[in-house]
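Okay, so here's the structure we're looking at.
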Amino acid sequence: MGTEASPKWEFPYALYGGRHTVSLLSMDGIGPEMTSYVQEVFEAAKVPIEFEEVALNKNFNSDVDFERALLSIRRNGIALKGSLESEYASPFYSKSRNAVMRVELDLFVNLFHCKTYPGVPAKHDLDIVVIRQNTEGEYAMIEHETVPGVVECIKVITKEASEKLGRFAFEFAVNNNRKKVTCVHKANIQKQTDGLFMDTMKSLSKDYPSIAYHDMIVDNTCMQLVSNPGQFDVMVTPNLYGLCVQNVVSGLAGGPGLYSGKNFGDKYAVFEPGTRNTGTQLRPNVGNPIAMLNASIDMLRHLRLHSYAQVIDDAIRRTLCVDKIHTQDLGGTASSMDVVQNIILNIRRSS
Amino acid sequence: MAAIGRPLAGALGRLTTQCIVQRSLHNASAAPFSTHGLPASKPEQRLTATLIPGDGVGPELCHVVMDVFKAAGIPVDFEQLYISEIDPHRSEPLETVVESIKRNGICLKGILASPEYNADGEAKTLNMKLRDELDLYANVVHVKSLPGLKCNHVRHKNVDMIVIREQTEGEYSALEHESVKGVVECLKITTREKCNRIAKFAFDYALKHGRKKVTAVHKANIMKLGDGLFLKSCADVAAMYPDIEFNNMIIDNCAMQLVSNPHQFDVMVLPNLYGNIVDNLAAGLVGGAGVVAGSSYSSHCVVFEQGARHTFAEGMGKNVANPTAMLLCSANMLKHAGLDQYSAIIKGAVDKVIKAGKVKTRDIGGYSKTSEFERAIIENLHSG
């Protein structure tokens, strides 16, 4: 009979009679507020999705709670999540739970697509995709104090993971009609680790002759991004540089309140706001709900519920670009609820 | 009649948006980008469901549902397709029915009779073909005592359990042969993939509906490999659901426990044949085939039909059948389609009529006709 103890899921989605169940991890800060808006919008659009709400935040943060959250994602295959506060001096745990989650579920890709909305204030008009390695590099979480006063952090780059990421990035470029892939690295200093990453990308690029391939050092990339971002199309990066690049791009294109990020592995997919801020400092009804709503649209597209995704996407575009209802982070005066109410109104109007 | 329509006007206005969206879902299952296949002239806000009238009293019961829907102003159009194994010449082709259910995503179905002898010598019954074509692998029967139902053969109160049955493999493989004269073999097929699938369905169902316990029913002490595989799959899957208690029970003991102490059961998950028997046994506990609703799930569609599958052919045309089960099926269908308010209206009316106990069909100890029951339901639609 075989003895594979942990069942391997042949069918990752909990999909019965046309209705999906997905895990909902609201986490900390404005997360619970934002996910509640998603639920309101889904209800208005009659999206056939049920949320399994998972209690995980800085109060529910024991190993047991964390294991249950992981189990929930493993059962449903799909999750929508806010961000868990990674406290520097957490009494519970020495590693960031967000990072551990990515490693445990082997979510090796983080994809951040930033396309500015016409009519929304931004420093530049952009259409950039940042594809970031999500499980290794500086986030390998191996740190130790060799002798008192000397601490080492080990940055791990493997050929296998880099290849998987590169393959994903080039396939993405081909399938989405992109023209150019830029590898971001610091191989002039970290000749072996980043060198391996860059070499892998370079050799992969030979399989995709229709896609132009460049590489660029991370410090120069940041300067180029703020001065001439139009030159970038798809960017593929190791873990930490990806994080920085994503935040720079997001800042140029209107801030953390707008864009969403996707995490993919071989089995699971997790959707979240692009720049993973908890927004703990924000008062209720002030934060911008668009990022989390965009994450929910990504999720709908992943589940091939395209018609629902389109309805909600159109309603958001109308709210931002035509009705011009903007929250404070975009220079407007509207509250979170004003934005959500207007989106719901647009959904009702369209159907 | 006029008074019935009015209180709903507000609700209708609110509901105009949802049906079109719901419909496009079911297209998404077959071809994610297309909206063709929808009749273009339909008003957008209406929902379409396939209707299979079935054999025996099925057509009469479906008519009750249609009359009640009309009286309640429920925005559902039925795409009625006749199919039967007893009367194959009048039947629509199976492909037409399958296509319709795939397109609509939901179907209300009367019971199809499976005669012992098939005209063209095929081993698979029509029910089995339909299940296989649509991959309706999970059958769910919610066995729940109807509050206020009093009749002699209902001995237990407050029974509330869910029987989940795998219905695409096991003893229903239709693989039988006579190896030598006088020796017949039937193959019972058990696969890990399908066992995992039904077990996960059961646990997900339990989680979603706030249930506490799942019981796997089997005969692994005798069929160590086949039922053993089923039991192991259930145990493997249970490990993923730490909040739900898991136990197992041998089918013979389970049958005894069901009639002596049915309250110990919450969600039960069973292979095909045991499921079939337990469905009927459990339905008998709360009033019989006329009052228990069931449904069959695939990934993309749901067929709503009575929980215990009896055509009641001897009652055909006599106006005596009990429409309760079929009405509850229709309420479940509305709920699944997101028309919760309408679902509640139907369910409320059924509960009220049963609780009042004045209009009872013969199977639950009364003398009322089907048509009288229907009238009572319609009168109670908006009296809440």
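Residues in segment B:265-308 that are within 21 Å of residue B:149 (Cα to Cα), in contact with a helix residue (DSSP H, G or I) (Cβ under 7 Å, 6 or more places away or on another chain) and part of a helix (DSSP H, G or I): B:281, B:282, B:285. Taken over segment B:167-207, the residue count meeting the criterion of being under 28 Å from residue B:287 (Cβ atoms), touching a Cys at 6+ places or on another chain (Cβ under 9 Å) and within 14 Å of another protein chain (Cβ to nearest Cβ) is 2. All of A:276, A:304 fail the test of being more than 19 Å from residue A:31 (Cβ to Cβ), assigned to a loop (DSSP other than H, G, I, E, B), under 22 Å from the mean Cα position of the chain (by Cα) and of a type outside the set (Asp, Glu), apart from A:304. Condition check: within 14 Å of another protein chain (Cβ to nearest Cβ) and either surrounded by fewer than 14 Cβ atoms within 10 Å (Cβ to Cβ) or under 22 Å from residue B:172 (Cβ atoms) (or both). Does residue B:239 satisfy that? Taking the combined requirement at face value, the residue satisfies it.
Residues that are closer than 21 Å to residue A:116 by Cβ and aliphatic (A, V, I, L, M) were ranked within segment A:320-351; the one that is surrounded by the fewest Cβ atoms within 10 Å (Cβ to Cβ) is A:322. Against the list (1) in a helix (DSSP H, G or I); (2) out of contact with any Leu (no Cβ under 9 Å at 6 or more places or on another chain); (3) of a type outside the set (A, V, I, L, M); (4) closer than 22 Å to residue A:74 by Cα, the condition residue B:230 fails is (2). For segment B:297-336, which residues satisfy the criterion of being under 18 Å from residue B:165 (Cα atoms) and in contact with a Cys (Cβ under 9 Å, 6 or more places away or on another chain)? Selection gives B:301, B:302, B:303, B:304, B:305, B:306, B:307.
Please work out if residue A:303 is out of contact with any helix residue (DSSP H, G or I) (no Cβ under 8 Å at 6 or more places or on another chain), within 14 Å of chain B (Cβ to nearest Cβ) and either buried (at least 20 other Cβ atoms within 10 Å of the Cβ) or among the β-branched types (Val, Ile, Thr) (or both). Yes. Identify the residue in segment A:14-31 that is among the hydrophobic types (A, V, I, L, M, F, W, C) and in a loop (DSSP other than H, G, I, E, B) and, among all such residues, is farthest from the other protein chains (Cβ to nearest Cβ). Checked segment A:14-31; the qualifying residue farthest from the other protein chains (Cβ to nearest Cβ) is A:30. I'd like the residue in segment A:317-333 that is in contact with a helix residue (DSSP H, G or I) (Cβ under 8 Å, 6 or more places away or on another chain) and of a type outside the set (A, V, I, L, M, F, W, C) and, out of all such residues, is farthest from residue A:259 (Cα to Cα). Going through the qualifying residues, I end up with A:323.
A search for C-beta distances below 9 Å between a residue of segment A:303-329 that is free of Cβ contacts under 8 Å to residues at least 60 places away in the same chain and assigned by TED's automatic domain parsing to the domain that holds residue A:22 and any residue that is in a loop (DSSP other than H, G, I, E, B) and of a type in the set (S, T, N, Q), counting only pairs 6+ apart in sequence or on different chains, returns A:307/B:35; A:328/A:288; A:328/A:335.
Note on segment B:208-225: among residues that are at pLDDT 95 or above and not in a loop (DSSP other than H, G, I, E, B), the one that is farthest from residue A:70 (Cα to Cα) is B:218.
Remark: residue B:301 matches the filter, which requires a residue to be touching a Lys or Arg at 6+ places or on another chain (Cβ under 9 Å) and buried (at least 21 other Cβ atoms within 10 Å of the Cβ). Outside the structural domain of residue A:51 (by TED's automatic domain parsing) and either in contact with a Gly (Cβ under 6 Å, 6 or more places away or on another chain) or of a type outside the set (Lys, Arg) (or both), is that true of residue A:289? No. For segment A:143-180, which positions are part of a helix (DSSP H, G or I) and either charged (D, E, K, R) or free of Cβ contacts under 8 Å to residues at least 24 places away in the same chain (or both)? Across segment A:143-180, the qualifying residues are A:159, A:160, A:163, A:164, A:167, A:171, A:175.
Taking the listed residues B:210, B:228, the one that is closer than 24 Å to residue B:257 by Cα and more than 11 Å from chain A (Cβ to nearest Cβ) is B:210, with no other qualifying.
Residues of segment A:218-242 that are free of Cβ contacts under 8 Å to residues at least 60 places away in the same chain, surrounded by 16 or more Cβ atoms within 10 Å (Cβ to Cβ) and of a type in the set (A, V, I, L, M, F, W, C): A:218, A:222, A:225.
The values are calculated or read from the model by the stated rules, or taken from the named source; none is laboratory data. Here the structure is a predicted model, which means the values were calculated and not measured. Backbone-built Cβ (ideal geometry, glycine too); neighbour counts: all protein chains shown.
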